[in-house]
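Throughout, read-outs are computed from the coordinates displayed, never taken from laboratory work. Note that this is a predicted model, so its numbers are computed, not measured. Here the Cβ positions follow ideal geometry from the backbone for every residue, glycine too, while neighbour counts run over all protein chains shown.
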Amino acid sequence: MDFKETIREQRMAIEKAGSGTNIIQREQHGYASQFIRHPNILAITGVRRSGKSIFSYLLTKGSNFGYVNFDDERIHDVRTEDLNSMLQAMYSLYGDVDTIVLDEVQRAPKWELFASRLRVTKKLIVTGSNSTLLSGELATHLTGRYIDVAVHPFSFREFLVGTGFEKQVAYTTLERARIISNLNEYMEVGGFPEVRTVGPEILSRIYNDIVFKDIVQRYKIRKMEVARHLATYLVSGSGNEITYSSLSKALDIKSADTVAKWVSYIERAFLVTRLERFDYKLKHRVKAPKKFYCIDTGLAKVAGFHFSKNTGKTMENVVAIDLQRWKTKQYGRDVYYWKDHQQREVDFILKNGPEVVQLIQVTYASDRMEIPERELASLEKASKALRCKNLLIITWDFEGEERLDGKIVRFIPLWKWLLEEA
C-alpha cells in the first residue's frame, strides 16, 4: 500500500484547519507543550470531535512534523506490518521529522509496540477517542513512560475567548449582562468546536458517531438500538442516581452485568462521566448508586429531550464537567457526591488526597429567597460529617455570604465561578 498521497493530503488538511483566524488555544497547551521538548509520548484523549487534532497540530507548529490520521477510510484496513511502510512514506515526504502525530491511533492494530519503538528517538503525540488508549493498550507496554492530557469540548472560559472576551478584575453591568447571555448560549449549544463554524446542527451527527462508531462498532454490540437507548438514558438523566439493576429493568436488559459492561463502554468513549457517592468505605462506594453527567450540555440537549426542560440540571452538568477539568490538573484530586440515610444530599464533594477540601451545591436561583433551605441543611450536615468548613452554593445570579453554624457559606453566580476556575 502506497501511503504517500494520503499522508500528504492529511497534513495539508490539518495545517489548513489549524491555521484559521478563529482557532482558540486550549487551556492545557502550556502544560502539554513541556512534555514534548524531548523524545517522549504525549497521549491526548477525549470525546470525538473535541479538538484533539487541532490541539496536537498547535503543539507541533513550528517543528518538522509528520501526521497520520487513522480515522480515514483510505487506511481503515491498515495492518500492523503497514505501520513501518507508513513511517517510510512520511520520511520520504518530510525528511527526518522531529515530531510524529498519530491521530485516533487506537484504530491501528498493535500500534502501541510501534509507538514504543518510535519514542526512543522521536517526540510522539498519540490521540484517541477512547480511554482504553491509556488504561489498556498504551499503559500495558509503556508503564510510566508517557504523559496523558484530556481534552474536553470548550470550557466556558474558552468559549468566551471565541467571542473576543477578555477577563477583567471587575465587570460593568453591561459586561456582566453579555457574559450571562453567553452563558445561556453555552448551556444551550455546548462547547464542541465545530458548533462555532458549522452550527448546532452538527451535534446530532457528533452524537450518532460517538454512539455507533465509538461504542456499538468498537465493542461489536449486536443490540444496537438497546445500546442507543442506554446511552440516551444516561445522557438524559444527568445528575440522577442510577443503579445497574434499575437500568436493567428500565431498558428490559436481562443482566445487570451486561448493563454495567455497556455503561463502561459509554464512559470509555467519554460520552458521560461518572460520579460515585462519597463514603470512606470502598465497599459502600461500590454498591451505592452512581450519577452520570454528559460531557457536553449541547450534546445532552440533542440526545435527551428531558434534559432541556431543567435549567438547574443543566447548570449542575456544567459544574460537573468543569470539576472534571479541575480533577485532572493535579494528581490526587477527586470528585464525589454525598447523601445520608435521611436523603440529605450535597451535589459535589471535592477531595484532595485524604482531605475533603470543599462542599458544593448548585441551585437555579437569582435571589436568596429562591434558595431552598434544604440546600443549606444538607451542607450543614455534610460539613459536620466530613469535617469541611469550605462551603459553596453556586447560583444563577446571586452573590453573597451567610453564616451557618459558625461557618461561612459563600454564594457565587455560575458565570463567576466558571471564570474563577481558570
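The figures follow:
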item	result
Listed residues ALA269, ALA382, ALA303, most fluctuating in the chain (Gaussian network, C-alpha, under 10 Å)	ALA382
Among VAL78, VAL235, VAL47: highest mean-square fluctuation, GNM of the chain, C-alpha pairs under 10 Å	VAL78
For ASP296, ASP340, order by how many other beta-carbon atoms lie within 10 Å, fewest first	ASP340, ASP296
Residue order, fewest to most surrounding Cβ atoms within 10 angstrom, among HIS29, HIS341, HIS152, HIS76	HIS341, HIS76, HIS29, HIS152
Test item: Cα-centred dipole of the chain, Lys/Arg +1 and Asp/Glu -1 on Cβ, debye	1140 debye
Restricting region 200-292 to GluC sites (Glu not before Pro) in coil, as DSSP defines it, with at most 16 other Cβ within 10 Å	GLU201
Unit charges on C-beta of K, R, D, E only; dipole of region 196-420, Debye	1060 debye
Positive-end extreme of charge dipole, region 196-420 - chosen from CYS294, LEU275, MET224 (charges on Cβ)	MET224
Cubic angstrom per residue, convex hull over Cα atoms of region 4-150	104 Å³
Ascending count of other beta-carbon atoms within 10 Å, so fewest first, for ILE75, ILE44	ILE75, ILE44
CD proxy at 222 nm, helix term only [per DSSP H run n ≥ 4: -39500 (n - 2.57); per residue of the chain; nearest 500]	-12000 deg cm²/dmol
q = 0.12 Å⁻¹, region 41-124: log10 I(q)/I(0) [Debye, one scatterer per Cα]	-0.33
FRET efficiency, VAL286 to ARG374 (Cβ-Cβ, R0 22 Å, nearest 0.05)	0.20
Lys, Arg +1 and Asp, Glu -1 on Cβ, resulting dipole of region 320-422 about Cα centre, debye, nearest 20	500 debye
Theoretical gain in end-to-end length, GLU355 to ILE180 [0.36 nm per residue, Cα-Cα removed]	59.6 nm
Virtual spin-label span in nm between GLN217 and SER116, 7 Å along Cα→Cβ	2.9 nm
Extension gain from ASP96 to ALA17, taking 0.36 nm per residue of separation minus the Cα-Cα distance	26.0 nm
Residue with peak Gaussian network fluctuation, the chain [Cα springs, cutoff 10 Å], from GLY128, GLY20, GLY162	GLY20
Distance from region 165-185 to region 372-412 (C-alpha centre basis), Å	25 Å
Using alpha carbons only: equivalent-ellipsoid semi-axes of region 196-420, gyration tensor based, whole Å	32, 21, 15
Inter-centroid distance (Cα atoms) of region 265-324 relative to region 208-239, Å	15 Å
